[in-house]
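Let me begin by presenting the structure, written as structure tokens, before commenting on it.
The values are calculated or read from the model by the stated rules, or taken from the named source; none is laboratory data. Everything numeric in this text was worked out from a predicted model, so none of it was measured. Virtual Cβ from ideal backbone geometry, glycine too; neighbours counted across all protein chains shown.
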Amino acid sequence: MTHRIVILGAGTGGTIMANRLRKTYAESEASITVVDRDDRHIYQPGLLFVPFGLTHPEDIVRPRKRQIHKGIDYHQSEIDRVDVEADRVHLTDGTTLDYDVLIVASGTDLLPQETEGLTGPGWMEKVFTFYTLEGAAALEAALTRFDGGRIVVNFIDLPIKCPIAPLEFVFMTDWYFHERGIRDRVDITYVTPLDGAFTKPIAAQSLGDLMAEKHIELVTEFNTGEVDGEGGRLVSYDEREVPFDLAVIVPLHGGASFVERSPALGDDLGFVPTDPHTLQSTVKPNIFAIGDATNIPTSKAGSVTHFEAEILQDNVRRFLAGEPLEGEYDGHANCFIETGFKKALLIDFNYDTEPLEGHFPAQVGMPLLKESRLNHLGKLMFQWFYWHSLLPGRDIPGIRPDMTMAGKHRPGE
Amino acid sequence: MSTKTLAGTPVDVNDEGFFEKPEQWTEEMATEMAEEEGIDDLTPQHWQVIHFMRKEYDEKGTGPTVRVLGKSSGVSVKELYQLFPKGPAKVAARIAGIPKPRGCV
């Protein structure tokens, strides 16, 4: 019998899974269908660089279909809903797809309309987001015109994609205005709902110190209730205010809208309840999820998706063969943090181990939690690996899906 | 971790006053802790939030964020801040006797 595998989403997770599973199964053994609403695959880490003119929208977009290998059906349509009971997906173009295994890889949607005032007067004029291609491009124009005043950077609430990106944005802003020679005329403020610069204590300390060194003001425990574009202020639910001339906002995130339209598929925020180790959904055994679409307690980031893919490939094969799922994802994430001036930090962590100092991938390697040029080069080179190694489903030599303690040390060790 | 006496019974709490063992909690303790937080009278709306927090913790193993509270507890985020002015997620979690909600990364 031919297995029917349907993958919803042709972003990082959907593309990797389709290409990997095509290697697992011959075409006579399994059909693989991938669905996405458009044909625009964005290299999302590149969005950070667009506002500073370091890359351009056309350099970070490729057709989705071209990243998907031969022998995989690519179907372009909006998804209407999943009928969990019937093992069937309904597309808005009228097509129905029956499946033996469903992989939800539909990522996360931005929900700017859920924050009062955010898409009101001033949106895309002095209130921007760099989390979309259009927003990042509009922000480039606005930064070019900016010649002094208050810039605030704020993410409304977790979860967000790449939780480190708003911090990178403030570091890059500091560098950008240094380069333009007007840093002294620009106030930069980072406004966060967290109680520190980052969620994990050791990294929060390092990053907080770096912000102080760069004269970036930190406002913590600020839960934005309203963005007043006209009046130029963020207002928190407990009635504090932060004034701005230019605001860079990361809107609330939720799961893809079809998840909410599919009874029992998602949680309150539209993410698929997923076992954090096997990546099987808790909704139904034949539904799996990967990347930003899951509710698992780790970063919504490409590195997470990449590490998950190897585990999920094995578990899907086991499931279809009627074997117990043995693949165990450990929450491994690995992120470069661009800090401006051609330097970057690197962090590597999992469910149990917070980001530590040391070197990656082992004693000899890139420095962890320390600024270095090598990390910056690593970050730039990564785009090549993304298109040519990650998406095709190849393993990167020397990088394993599970985190290793080699090269890491805890404070005081 | 330290021990604190609430409603005449010793309970285990962490440095920030969050319960380590939610099963030690009783409703009388909630009333006493609310007073410590400056909330003199727990209204039916307060209790709605407290019971929702405990239910979420039982089902998911972590307390809800303000956003989930606003979406699913039946009390809007604005009202939540009126009920628990010092921050709904943390203060309500403390009063409801559940561990500090995990911020995910």
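Of the residues making up the stretch A:271-294, none is at pLDDT below 95, closer than 15 Å to A:Asp109 by Cβ and not assigned by TED's automatic domain parsing to the domain that holds A:Asn350.
If a residue must be assigned to a helix (DSSP H, G or I) and touching a Phe, Trp or Tyr at 6+ places or on another chain (Cβ under 9 Å), how many such residues does the stretch B:66-105 contain? Qualifying residue count for the region: 14. The number of residues in the stretch A:264-286 that are surrounded by 24 or more Cβ atoms within 10 Å (Cβ to Cβ) and either part of a loop (DSSP other than H, G, I, E, B) or in contact (Cβ under 8 Å) with a residue 24 or more places away in the chain (or both) comes to 6.
Within the stretch A:381-404, the set of residues being more than 24 Å from A:Tyr25 (Cα to Cα) and of a type outside the set (Ser, Thr, Tyr) comprises A:Met381, A:Phe382, A:Gln383, A:Trp384, A:Phe385, A:Gly398, A:Ile399, A:Asp402, A:Met403. Take the residues in the stretch B:61-81 that are of a type in the set (D, E, K, R) and surrounded by 15 or more Cβ atoms within 10 Å (Cβ to Cβ), then tell me which one is modelled with the highest pLDDT. Ranking the qualifying residues of the stretch B:61-81, first place goes to B:Glu79.
With the structure loaded, tell me whether A:Gly254 is within 14 Å of chain B (Cβ to nearest Cβ), touching a Lys or Arg at 6+ places or on another chain (Cβ under 8 Å) and assigned to a strand (DSSP E or B) or whether it fails that test. Considered against the rule, which asks whether it is within 14 Å of chain B (Cβ to nearest Cβ), touching a Lys or Arg at 6+ places or on another chain (Cβ under 8 Å) and assigned to a strand (DSSP E or B), A:Gly254 comes out as no.
Selection of the stretch B:53-93 for residues being at positive phi and either polar (S, T, N, Q) or more than 8 Å from chain A (Cβ to nearest Cβ) (or both) yields B:Gly61, B:Gly74. Could you check, for the stretch B:36-52, whether at least one of its residues is within 11 Å of another protein chain (Cβ to nearest Cβ), surrounded by fewer than 18 Cβ atoms within 10 Å (Cβ to Cβ) and either over 27 Å from A:Phe222 (Cβ atoms) or touching a Lys or Arg at 6+ places or on another chain (Cβ under 8 Å) (or both)? No, every residue in the stretch B:36-52 fails to be within 11 Å of another protein chain (Cβ to nearest Cβ), surrounded by fewer than 18 Cβ atoms within 10 Å (Cβ to Cβ) and either over 27 Å from A:Phe222 (Cβ atoms) or touching a Lys or Arg at 6+ places or on another chain (Cβ under 8 Å) (or both).
Checked against (1) β-branched (Val, Ile, Thr); (2) surrounded by 20 or more Cβ atoms within 10 Å (Cβ to Cβ); (3) touching a helix residue (DSSP H, G or I) at 6+ places or on another chain (Cβ under 6 Å), B:Val91 meets all criteria but (3). Taking the criterion of being in a helix (DSSP H, G or I) and within 25 Å of A:Pro297 (Cβ to Cβ), the residues of the stretch B:36-65 that qualify are B:Val49, B:Ile50, B:His51, B:Phe52, B:Met53, B:Arg54, B:Lys55, B:Glu56, B:Tyr57, B:Asp58, B:Glu59, B:Lys60.
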